[in-house]
């Protein structure tokens, strides 16, 4: 089982893809809690050039609440990360974590259904792009 879902978009600007991903996440009930610009961070901290790469920390509050009630340490795996990267000009790849794969590390059967529902939502986001 892959630990992520992915899709590559061609001939669309990086920033437009970030906006589109954010919109699709909203349609599935997710908000973006964090947005980490890896390119800018690596330039600032290490003075290295890197390609466009952003990590979006997506959270669906109702599913996060259910997961926290089932497992109090689940916050170590929240939010669900979605990455947007442009390794080659004109080809922007969007990938999202597969919650089913990450939940396998936790021995709590009550998380299986929650992870399955979140997984379907994230897969729809990636497939809709």
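The values are calculated or read from the model by the stated rules, or taken from the named source; none is laboratory data. From a predicted model like this one, the values you see are computed outputs, not experimental measurements. Neighbour counts are summed over all protein chains in view; Cβ atoms, including those assigned to glycine, are modelled from backbone coordinates with ideal geometry.
Of all residues in segment 49-65, those being out of contact with any helix residue (DSSP H, G or I) (no Cβ under 7 Å at 6 or more places or on another chain) and crowded, with 16+ Cβ neighbours inside 10 Å number 3. Being closer than 18 Å to residue 2 by Cβ and in contact with a strand residue (DSSP E or B) (Cβ under 6 Å, 6 or more places away or on another chain) holds for only one residue in 96, 105, and it is 96. For segment 25-48, a residue qualifies if it is under 25 Å from residue 119 (Cα atoms), out of contact with any strand residue (DSSP E or B) (no Cβ under 8 Å at 6 or more places or on another chain) and either surrounded by fewer than 14 Cβ atoms within 10 Å (Cβ to Cβ) or at pLDDT below 95 (or both), and the qualifying residues are 26, 27.
Residues in segment 66-88 that are surrounded by 11 or more Cβ atoms within 10 Å (Cβ to Cβ), over 20 Å from residue 21 (Cα atoms) and free of Cβ contacts under 8 Å to residues at least 40 places away in the same chain: 5 in all.
Count of segment 1-38 residues, restricted to those that are under 14 Å from the mean Cα position of the chain (by Cα), outside any loop (DSSP other than H, G, I, E, B) and touching a residue at least 24 places away in the same chain (Cβ under 8 Å), is 15.
Flag: residue 127 does not match the condition of being at pLDDT 95 or above and at positive phi.
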